[in-house]
Amino acid sequence: MLLLAACSFLDKNDPKSGWSAERLYREAKEALDAGQYDLAIKHYETLEARYPYGSYAQQAQLEIAYAYYRQNEPASAVAAVDRFVKLHPNNASVEYAYYLKGLAYFNSDLGLFGKVAGQDRTERDPKSARDAFDAFKDLAQRFPDSKYTPDAIARMRYLINALASHEIHVARYYMKRGAYVAAVNRAQYALKNYPQAPAVEDALLILIQAYDALGMPELRNDTDRVLRKNFPDNAYVKDMVTRLDR
């Protein structure tokens, strides 16, 4: 039965039918390095199907994820990473798998950072950015000493700033349309979830303007004091000081 199962993988018309696991892996790696991602994936999949229990098969599963990532297919890359982690949670390369998952989300063209000409940023879904942050955070928590962790943390900082800026952009969108309560909600969300982001300064300004428009002087004055204390060099603060000095 084992002999018949092995023979079922062989195709007399397929020049790869007699290749060993090492040969399949070598050919796949060469294709991957040459940027022939479709061919590399085919070789890796053939390797895994014919020799599913060896070390080459494990490495093939991870490199399939990398090939999808380089081919700009983030969903397939993430699925391949998740499969690898599930099957081999103790593999020496699992920390790289978490890092690769973060990169796949980070570079996704479908989310907040999509390069869609003429598209309003408020129409873009920041889900991929949040998923990237979660993947990098998972890496940093599980493998704090990993060589990939410093870069993951740097990307997390960038993502925090970008997500906060997205919230501010949406809040301004609501301000322009007179939806002051919605603007307050988005600005408060940015303050609560991204308190260290540079966009906090803009969030406070939006709150002052929105509370003014809503006729809520106490909240407006409280926010004004917070802005003055934390951002004394803000242009709005300097302008108000100048007016008081006149």
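The values are calculated or read from the model by the stated rules, or taken from the named source; none is laboratory data. Keep in mind it's a predicted model, so treat the numbers as computed, not measured. Please note: Cβ atoms are built from the backbone with ideal geometry, for glycine as well, and neighbour counts cover all protein chains shown. Just the protein is used for accessible areas: all its heavy atoms, side chains included, with ligands, DNA and RNA removed. Shrake-Rupley method; radii C 1.70, N 1.55, O 1.52, S 1.80 Å.
Quick notes on this structure:
- Verdict on ILE168 being hydrophobic (A, V, I, L, M, F, W, C), assigned to a helix (DSSP H, G or I) and under 30 Å from VAL81 (Cα atoms): no
- Unique match (being under 26 Å from TYR105 (Cβ atoms) and open to solvent by 80 Å² or more (accessible area, probe 1.4 Å)) among LYS137, LYS176: LYS137
Here is a yes/no grid of residues against (1) open to solvent by 20 Å² or more (accessible area, probe 1.4 Å); (2) part of a helix (DSSP H, G or I); (3) among the β-branched types (Val, Ile, Thr); (4) touching a helix residue (DSSP H, G or I) at 6+ places or on another chain (Cβ under 6 Å):
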{"residue": "ALA197", "(1), (2), (3), (4)": "no, no, no, yes"}
{"residue": "ILE208", "(1), (2), (3), (4)": "no, yes, yes, yes"}
{"residue": "GLU218", "(1), (2), (3), (4)": "yes, yes, no, no"}
{"residue": "ASP222", "(1), (2), (3), (4)": "yes, yes, no, no"}
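- Restricted to region 72-110, and to residues there that are assigned to a loop (DSSP other than H, G, I, E, B) and of a type in the set (A, V, I, L, M, F, W, C), the residue that is surrounded by the fewest Cβ atoms within 10 Å (Cβ to Cβ) is ALA92.
- Scanning region 124-165 for residues that are assigned to a loop (DSSP other than H, G, I, E, B) and among the basic types (Lys, Arg) gives ARG124, LYS147.
- Residues located in region 140-176, provided they are polar (S, T, N, Q) and out of contact with any helix residue (DSSP H, G or I) (no Cβ under 6 Å at 6 or more places or on another chain): GLN141, ASN161, SER165
- Pair list, Cβ < 7 Å and 6+ apart or interchain, from region 200-227 residues that are within 13 Å of GLN188 (Cα to Cα) to residues that are open to solvent by 60 Å² or more (accessible area, probe 1.4 Å) and of a type outside the set (D, E, K, R): LEU204/VAL226; ALA210/TYR180; TYR211/LEU219
- The set of residues in region 45-59 being in contact with an Asp or Glu (Cβ under 8 Å, 6 or more places away or on another chain) and either open to solvent by 40 Å² or more (accessible area, probe 1.4 Å) or at pLDDT 95 or above (or both) consists of TYR56 alone.
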